[in-house]
Amino acid sequence: MTRKHTFVGAYAHSDNKRQLSVCFGFLTIENGKITQKGSIEEFEELLSSGKFSEHIVINLSDSQLIIPGFIDCHIHAPQFPNIGLGLDRPLLEWLDKYTFPLEKKYSDTVFASKVYDQVVQRLLKNGTTTACYFGSLHLDGTLELVKSVLKYHQRAFVGKVSMNLQNDAGYYNSTEKELQDAEEFVQKVLDYKNELIQPVVTPRFAVSCDHQLLSGLAMIANKYGCSMQSHVCENLKEINYVLEINPRCKSYCEVYDKSKILHEKCIMAHAVHLTDEEIDLLSKKRVSIAHCPASNTRLKSGLCPVRKLLDNNIIVGLGTDVSGGDSATILDAVRRTMDVSTCLELQGADNYSLDWKEAFYLATLGGAKALNLDDKIGNFEVGKDFDALLIDAYAPDGPIDEYEYSVDENKEEHAVSLLQRFIYLGDDRNILQVYVKGKSVKTI
């Protein structure tokens, strides 16, 4: 993208989890940042005054609108070759048979590079402008993921997974090596001095990390000011095992809390089976949750009560959790989030359902807040980076048909209808362009 662009037409974003703003006007982008926005009348006045003489002006069609880029708060990049496999098995069995044997292959950096190039390109094609990645156990292999992210200009957190407890696949390291590799990984990512990519310290979960490793990783994160990510309370058997090997702890979250992992720069995936005491702890510690409805249901882990988390002031974003999840698009996570919340309400949890506007918030601004990026991305406030998708609801050969009938009474209602149809029916064919910090990274 050149230095100055102005988009004219419909755009939509969330102001907060209860407020969706749909506007018909203009957005001006300079050096990757949103510098001005306003109404069509304001645009026409500025245009006539010569204000946009040095801008490339993009006029959107009646079927197009601009929305913020999608944010995937939890995804396992090494697992993509297994996507769609083994989902008839429970979590711990699935890990041993499918996941750990595959992840061991990422000691081969040539193999890693090829897979990660495909992964990043696929996510950008699907409109994921920001991803929070789990890598593998391998320092050099995970650095290949960093290179792919930088190569294709995605915004990302990348974590080298840490594990030190033995498993049948032989997929773990000594505590000393894990701490050394984790710190070296953080240093190497920071050495790129690229604002689009950040290291995230990544203990896999309390099943595969002991207190010494968890505490050591927390110290590394604190030393470098890094975020942390892991899994919590995904599966009942997992929880029982964690408590079995940590007999002095009363809950899964206490294991992490004793290791100083729970804080405002920590994001935990799943949180399906939290106790009320754990919800209160995570809320007080300002820990965020990555809701992963696809893997929670595919692996029969459970139904996450997202409404309850939100009502307890826990920040929630969405994750595809490939390959426990079977889709690499946040649109799928949006739809399953609505479905899971509705199922909980049908089972008797009053007012638990989330509507499409709330799910859209979780996929955009909610995810930005969960990753502490809401000062940079998530909506179209002036001063933020332009991470965005240009959507055409009726793209040629797309999944949505246009009919000669409409209930819309004005342009704003028409734009709401376009977004609603895209949320429920759209796919990557409707995403014509993808921008990360103002740079076009996908164009159809």
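Key figures
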| item | result |
| --- | --- |
| Residues Q118 and K97, FRET efficiency given R0 of 22 Å [Cβ-Cβ distance, rounded to 0.05] | 0.45 |
| Unit charges on C-beta of K, R, D, E only; dipole of the chain, Debye | 1240 debye |
| Calculated FRET value between K237 and Q187, using beta carbons and R₀ = 35 Å, to 0.05 | 0.45 |
| Mean-position separation - Cα centroids, region 1-31 and region 389-426, in angstrom | 17 Å |
| Folded to 0 to 90 degrees: helix 211-224 orientation relative to the chain principal axis, Cα | 40 degrees |
| Between region 105-131 and region 231-280, the alpha-carbon center distance in angstrom | 30 Å |
| GNM top mover of C266, C249, C292 - the chain, alpha-carbon springs below 10 Å | C249 |
| Listed peptides 118-124, 360-366 by packing density, highest first (mean Cβ within 10 Å) | 360-366, 118-124 |
| Computed lengthening from K177 to Y405, 0.36 nm per intervening residue step minus Cα-Cα distance | 75.7 nm |
| Cα gyration tensor category, rounded, prolate or oblate, for region 361-413 with a/c compared to 1.5 | prolate |
| Cα-Cα P(r), region 86-182, percent of pairs per 10 Å interval | 16, 41, 34, 8 |
| Distance (nanometres) between label positions extended 7 Å along Cα→Cβ at K260 and E412 | 5.1 nm |
| Three principal axis lengths of the chain [C-alpha, angstrom, descending] | 70, 51, 39 |
| Proximal lysines to K308, defined as alpha-carbon separation beneath 28 angstrom and excluding residues fewer than eight positions away on the same chain | K17, K237, K250, K258, K260, K265, K284, K285, K300, K357, K369, K376 |
| Top of S301, S49, S323 by mean-square fluctuation, Gaussian network on the chain, Cα under 10 Å | S49 |
| Contact order relative to length of the chain, as percent, for alpha carbon pairs under 8 angstrom and 6 or more apart | 20 percent |
| Mean Cα-pair separation over length for region 281-364, i.e. relative contact order, pairs under 8 Å, 6 or more apart, % | 30 percent |
| Gain in span if fully extended, Q212 to E345, counting 0.36 nm per residue against the direct Cα distance | 43.8 nm |
| Among 84-93, 252-261, the order from most to least packed when residues are scored by Cβ within 10 Å on average | 252-261, 84-93 |
| Antiparallel bridge percentage (DSSP; both residues within the chain; nearest 5) | 50 percent |
| Label point distance in nm, Q420-S49, each placed 7 Å from Cα along Cα→Cβ | 3.7 nm |
| Rounded if a/c under 1.5, otherwise prolate or oblate - region 87-140, Cα gyration tensor axes | oblate |
| Nitroxide proxy distance, nm - points 7 Å out along Cα→Cβ at Q19 and D397 | 4.2 nm |
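Values quoted throughout were computed directly from the atomic coordinates according to the rules given, and no laboratory measurement underlies them. All values reported here derive from a predicted model rather than from experimental measurement. So basically every Cβ, Gly included, is an ideal-geometry build from the backbone, and we count neighbours across all protein chains shown.
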